[in-house]
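Report on one structure; see the data block that follows.
Just so it is clear, none of the values below were taken in a lab; they were calculated from the coordinates. The model shown is predicted, which means the values in this text are computed figures rather than measured ones. Note that we place each Cβ from the backbone using ideal geometry, even for glycine, and neighbour counts take in every protein chain shown.
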Amino acid sequence: MKTSMQNYDSKKMSKAIGRNLPFSFKVACEVARYIKGMSLTRAIRELEEVQKIKRAIPYMRFNQDTPHRRGKMAAGRYPEKAARYVIPLLKSLKTNAADKGIEGELEIVHSAAKKPSIRRRYGRVKGTKRLTHFELVAMPMEAKK
């Protein structure tokens, strides 16, 4: 599967893509922005804290009527459902790197959320599921420098 990253190098980088994950696109955007640039182990640890409602994720774009949270952020929430689906993706990213032989501490260089095609229903039945495509790319920190 392709990523939306422009200069993806399959020899140096590892990727993991989740298709049609059942959580909101708005939440996925905020989670993707939050974990980009983090080390892989730190991202997993912090999302596990989000699941336990110990750490809030700052909301930058979709923050209307969002309450202030403790710490160095203004508006924030605890997207537990998104964390539940992104943590296995991060672990998969780690194992994909190990399978390729990429060693060292990994850094997330690309994380993106995309809207999938909307499945329409016919007749009187209304509504669609909230689905999201989520993609992650990581590379060793030494290679980035």
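The angle separating the long axis of helix 40-51 from the principal Cα axis of greatest extent in the chain is about 30 degrees. Counting every other Cβ atom within 10 Å of each residue's Cβ, Val27, Val86 order from fewest to most as Val27, Val86. If you bin all the Cα-Cα distances of the range 1-80 at 5 Å, starting from zero, the percentages per bin are 3, 12, 20, 25, 18, 10, 8, 3, 0.
For Glu103, Glu48, the sequence from fewest to most other C-beta atoms within 10 Å is Glu103, Glu48. Global size of the range 15-144: 16.0, 56 Å for Rg and Dmax (C-alpha atoms, Rg to one decimal, Dmax whole). By the beta-carbon count within 10 Å of each Cβ, the least crowded to most crowded order of Lys126, Lys12, fewest first, is Lys126, Lys12.
Taking the Cα centroid of the range 41-97 and of the range 1-31, what is the distance between the two, rounded to the nearest whole Å? After rounding, the separation between the Cα centres reads 16 Å.
For the chain, the dipole from Cβ point charges (+1 on Lys and Arg, -1 on Asp and Glu) about the Cα centre works out to 860 debye, to the nearest 20. Seen from Lys54, the other residues with C-beta closer than 14 Å to its C-beta sum to a net charge of +2, counting Lys and Arg as +1 and Asp and Glu as -1.
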